[in-house]
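Take a look at the structure set out below.
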Amino acid sequence: MNSLTLKGGRPLKGQVKISGSKNATLPIMAASLMSSGEVILSGVPELEDINVMSDALRILGAKVKREADILIIDSANVSAVEIPEHISRKMRASNLVMGALLGRFKHARVAYPGGCAIGIRPMDLHLKGFRNLGYELIEEYGFMEGNGHSTIGKEILLDFPSVGATENIIMAAALTPGVTIIRNAAREPEIVDMQNFLNRMGAKIRGAGLDTICIEGVDRLGGVEHGVIPDRIEAGTFMVAAAISRGDIYIENIVLEHILPLIAKLKEMGLEILLCSSGIRVVGNNNNYRPADIKTMPYPGFPTDMQAQMMALLSTVRGTSIVVETIFENRFMHVQELRRMGADIKTEGKIAIIKGKNSLEGTNVEATDLRAGAALILAALFADGETRIAKIEHINRGYEKIHQKLLGLGADIIS
Ligand code: UD1
């Protein structure tokens, strides 16, 4: 089993470069299936989730080649339309190929992804969207199967602004005749990146980043070169690393607008944040932070993907903080591990009450999912003594070269 052992108490100092966004790359890779030309993506992070999506595309007949941070995808000869269970189970985001395949082939069969550590994560909004577009959907034998006949664009109102459902519907609609309007769409920056990518391939999509997206179907999509946006959650995690280690980190390759909810919260807590021309400098101070209340919300609200990391920080800030998780029903898995390190956190349903302290103690803990794992690394940077984090493969799914980046900032990594 992979583990990471860290000794806390050393302020992180220096410069770190943020990698390309995992959550932007995955839907864009799926959307590459819709192109009859060659797709060249740059800024692609080297992560296990990207490898799983590459495998999914290869299973369908695409050629996928990596050269450093460049991914070259050729979907000209794609003819298969089925994603088997062993791929779907590895990564929920593999369901994003469904919209792309429906758009291009009007037929797709994808093994149901099932639940995961942070919640049940149903697919009902995706499927409802496809049905509204005119596709026939069957759910049987653990597969979701869609077929389209004389599909024509429609108006779709999402019950909740789901990121994946918005992306899947955009893809299916981009090659569906007529005009499709998605209302109450998710507004995340990764959706804007996907829109820009698709439009460069010849799609006609407007409104990503707002709650109404308009897609005018086209007949075909061609090749494109596209640079993926920086990972706002990785940037946020390093901002919290500066804060919790009481360090001073210059973070480069960011889009300021994407991290405003984090900047606002950290400033409210008393962090010094300096905006520079090509990055951001986060200066921690000794023990003068103020507690804060956080409620996770769809973008531009506070991101659920930063909730665990912020909880680690709040555990080290004297006073009472309250965290409300509104997006996922089971996203407090890190709480019991933080408690093992001495954190005083109580949970009741969606609410966590954190009584911050001056100290945490290093011990053996386990990463239960990607962001919970990141929270444990952050807590370990602050804790007295050594913390051994087991199952770091969860962390490697979403943080490129995290080990090297932490070492570069002076973290005391034992093994
Ligand atoms: C994406 C991100 C993930 C992030 C999440 C919320 C990727 C690859 N992953 O996940 O990192 O935490 O957005 O910002 O981009 N839901 C339904 N029915 C559906 C779809 C979703 O009930 O059909 C629920 C989910 O169970 C969850 C909530 O809606 O409670 C939000 O999910 P969604 O926005 O779809 O997240 P993902 O796209 O899966």
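The values are calculated or read from the model by the stated rules, or taken from the named source; none is laboratory data. Keep in mind it's a predicted model, so treat the numbers as computed, not measured. Note: ideal-geometry Cβ built from the backbone for every residue, glycine included; neighbour counts use all protein chains shown.
Annotation: of all residues in the range 120-137 being more than 8 Å from the ligand (Cβ to nearest atom) and closer than 13 Å to residue 98 by Cβ, the one that is surrounded by the fewest Cβ atoms within 10 Å (Cβ to Cβ) is 131.
Exactly one residue out of 327, 263, 280 is among the aliphatic types (A, V, I, L, M) and touching a residue at least 40 places away in the same chain (Cβ under 8 Å), and it is 280. Of the residues making up the range 119-140, those that are hydrophobic (A, V, I, L, M, F, W, C), in contact (Cβ under 8 Å) with a residue 24 or more places away in the chain and touching a helix residue (DSSP H, G or I) at 6+ places or on another chain (Cβ under 8 Å) are 123, 125, 130, 133. Among helices (runs of 4 or more DSSP H) entirely within the range 1-118, having at least 3 residues that are away from the ligand (no atom under 16 Å from the Cβ), touching a residue at least 24 places away in the same chain (Cβ under 8 Å) and assigned by TED's automatic domain parsing to the domain that holds residue 144 singles out 97-105.
Selection of the range 119-134 for residues being in a helix (DSSP H, G or I) and more than 23 Å from residue 198 (Cβ to Cβ) yields only 124. For the residues 212, 237, 176, the requirement of being farther than 20 Å from residue 104 by Cβ, buried (at least 24 other Cβ atoms within 10 Å of the Cβ) and among the β-branched types (Val, Ile, Thr) singles out 237.
One line per residue, one yes/no per condition, for (1) within 24 Å of the chain's Cα centre (by Cα); (2) within 30 Å of residue 285 (Cα to Cα); (3) at pLDDT 95 or above:
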| site | (1), (2), (3) |
| --- | --- |
| 165 | yes, no, yes |
| 183 | yes, no, yes |
| 207 | yes, no, yes |
| 225 | yes, no, yes |
| 244 | yes, yes, yes |
| 247 | no, yes, yes |
| 250 | yes, yes, yes |
| 255 | yes, yes, yes |
| 258 | yes, yes, yes |
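Against the list (1) within 16 Å of the ligand (Cβ to nearest atom); (2) assigned to a strand (DSSP E or B); (3) in contact with a Phe, Trp or Tyr (Cβ under 8 Å, 6 or more places away or on another chain); (4) of a type in the set (A, V, I, L, M, F, W, C), the condition residue 323 fails is (3). Pull up the range 367-397, narrow it to residues that are crowded, with 24+ Cβ neighbours inside 10 Å and part of a loop (DSSP other than H, G, I, E, B), then point me to the one that is farthest from the ligand (Cβ to nearest atom). The residue in question is 383. Inspection of the range 74-88 finds a residue satisfying the criterion of being surrounded by 15 or more Cβ atoms within 10 Å (Cβ to Cβ) and within 19 Å of the chain's Cα centre (by Cα). Among the residues here, residue 411 does not qualify as in contact with a His (Cβ under 7 Å, 6 or more places away or on another chain) and within 20 Å of residue 251 (Cα to Cα).
In contact with an Asp or Glu (Cβ under 7 Å, 6 or more places away or on another chain) and either modelled with pLDDT under 95 or outside the structural domain of residue 92 (by TED's automatic domain parsing) (or both), is that true of residue 405? No; evaluated as a whole, the condition is false for this residue.
Residues of the range 149-173 that are assigned to a strand (DSSP E or B) and surrounded by fewer than 19 Cβ atoms within 10 Å (Cβ to Cβ): 155, 157.
Of the numbered criteria (1) in contact with a Phe, Trp or Tyr (Cβ under 8 Å, 6 or more places away or on another chain); (2) more than 14 Å from the ligand (Cβ to nearest atom), the one residue 200 fails is (1). Here is the figure for the range 103-119: residues that are of a type outside the set (Phe, Trp, Tyr), over 17 Å from residue 182 (Cα atoms) and buried (at least 17 other Cβ atoms within 10 Å of the Cβ) total 8.
Candidates are the residues of the range 174-195 that are in a helix (DSSP H, G or I) and within 16 Å of the ligand (Cβ to nearest atom); the one that is farthest from residue 24 (Cα to Cα) is 195. Summed over the range 138-180, residues that are out of contact with any Leu (no Cβ under 9 Å at 6 or more places or on another chain) and of a type in the set (A, V, I, L, M) total 4. The set of residues in the range 306-324 that are within 17 Å of residue 378 (Cβ to Cβ) and either surrounded by fewer than 20 Cβ atoms within 10 Å (Cβ to Cβ) or without any contact (Cβ under 8 Å) to a residue 12 or more places away in the chain (or both) is empty. Residues of the range 18-51 that are modelled with pLDDT of 95 or more, hydroxyl-bearing (Ser, Thr, Tyr) and out of contact with any helix residue (DSSP H, G or I) (no Cβ under 8 Å at 6 or more places or on another chain): 35, 42.
Among the residues of the range 326-339, those that are surrounded by 23 or more Cβ atoms within 10 Å (Cβ to Cβ) and more than 16 Å from the ligand (Cβ to nearest atom) comprise 337, 338.
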